[in-house]
Amino acid sequence: MNMQKILIADDEPLARQRLRRLVEDLPEYQVCGEADDGQSTLAKVAELNPDILLLDIRMPGLDGMEAAAQLSQLSNPPAIIFCTAYDNYAIQAFGVQAAAYLLKPVRKAALAEALERAGRVNRVQLRTLSDGLAKQDAAADEHLSVRTHRGTELIDIAGIRYCQADQKYVTIHHTRGETVSDYTLKELESAYPNQLLRIHRNTLVGVRFIQALNRTPDGHNMLLLKDDLGELQVSRRHTTIVREWLNGQQPG
């Protein structure tokens with residue numbers, strides 16, 4: 001049985017100890033080393049060549065997100081599992097190809113599931129994905145992490161039809177159904193400006209599903225979606241933006 005090597009990176013000794021205990025209780029995995037900041041993480045990865053990196057985000061100096069961005073440029077990067085006390089980095093985490101995103105205190109079952117998922121990620125696939133992101137808009141390979149009552153759900157960005165805000169929650173309508181999220185529309189719009197277009201103060205639409213802009217007899221602007229998905233109202237303020245986007249899709 002091939003043991004997978006795990007590197008633990010966290011600036012808190014107690015947090016490293018807890019993760020070490022959890023890993024040591026799981027078969028097929030062994031801790032090969034520890035790091036306490038971003039720079040030492042990069043050095044340990046180069047020295048130990050771990051299969052999987054358990055990485056904190058908020059660390060002194062070079063933080064975990066910055067370290068992950070550098071590691072993604074390696075020819076043989078480890079799979080990264082973020083372990084953090086903060087839930088507002090999830091979009092960024094999947095932007096650097098994290099295999100999983102766990103909130104502290106990390107539970108054994110959640111860690112075991114994340115390690116199994118990370119172990120299935122082929123290193124060649126990771127490298128290919130990193131290269132593709134550097135060369136083109138890889139919307140089809142991007143996922144949004146949403147915390148739900150069932151746990152963390154990954155939504156394919158390319159499959160998002162539209163997002164609508166209702167009071168403090170945003171409902172994401174996608175090809176596999178609907179998911180209620182506590183992300184704001186502004187956060188989603190900022191994270192995925194090439195995939196999600198604002199058409200109303202409370203609505204974003206997935207650009208892959210835009211078909212046409214229509215005007216009703218009573219003067220309202222409606223966005224027609226592909227695949228018989230219906231229409232969404234476009235505010236007067238955003239009509240010009242939508243029309244410009246549609247004009248930009250026409251062959252020149």
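The values are calculated or read from the model by the stated rules, or taken from the named source; none is laboratory data. Computed from a predicted model, the values in this text were never measured in an experiment. Cβ atoms come from the backbone with ideal geometry, glycine included; neighbour counts cover every protein chain shown.
Cβ separations smaller than 6 Å between residues 6+ apart or across chains give the following pairs from segment 46-60 residues that are hydrophobic (A, V, I, L, M, F, W, C) to residues that are surrounded by 16 or more Cβ atoms within 10 Å (Cβ to Cβ) and assigned to a helix (DSSP H, G or I): 52/118; 54/19; 55/64; 57/64; 57/65; 59/38.
Among the residues of segment 37-55, none is identified as at pLDDT 95 or above and of a type in the set (D, E, K, R). Taken as a whole, the condition of being free of Cβ contacts under 8 Å to residues at least 60 places away in the same chain, among the aliphatic types (A, V, I, L, M), surrounded by 14 or more Cβ atoms within 10 Å (Cβ to Cβ) and assigned to a strand (DSSP E or B) does not apply to residue 232. Out of all the residues in segment 46-56, is one or more surrounded by fewer than 17 Cβ atoms within 10 Å (Cβ to Cβ) and touching a helix residue (DSSP H, G or I) at 6+ places or on another chain (Cβ under 8 Å)? No.
I'd like to check something: does segment 161-170 contain any residue that is among the small types (Gly, Ala, Ser) and part of a loop (DSSP other than H, G, I, E, B)? If you could, list the steps in order and put the result at the bottom.
Residues of segment 161-170 that are among the small types (Gly, Ala, Ser), as a first pass: 165.
Filter once more, so that each one left must be part of a loop (DSSP other than H, G, I, E, B): none.
For segment 161-170, residues among the small types (Gly, Ala, Ser) and part of a loop (DSSP other than H, G, I, E, B): absent.
Only one of the listed residues (197, 213, 224) is free of Cβ contacts under 8 Å to residues at least 60 places away in the same chain, in a strand (DSSP E or B) and touching an Asp or Glu at 6+ places or on another chain (Cβ under 6 Å). That residue is 224.
Of the residues 239, 203, the single one that is of a type in the set (S, T, N, Q) and farther than 18 Å from residue 171 by Cβ is 239.
Screening residue 85 with (1) modelled with pLDDT of 90 or more; (2) in contact with a Lys or Arg (Cβ under 6 Å, 6 or more places away or on another chain) gives one miss only, at (1).
Quick one: would you say residue 204 is aliphatic (A, V, I, L, M), within 26 Å of residue 99 (Cα to Cα) and within 22 Å of the chain's Cα centre (by Cα)? First the steps, then the outcome.
Working: aliphatic (A, V, I, L, M): yes; within 26 Å of residue 99 (Cα to Cα): no; within 22 Å of the chain's Cα centre (by Cα): yes.
No: the conditions fail for residue 204.
Within segment 27-39, the set of residues being surrounded by fewer than 19 Cβ atoms within 10 Å (Cβ to Cβ) and among the small types (Gly, Ala, Ser) comprises 33 only.
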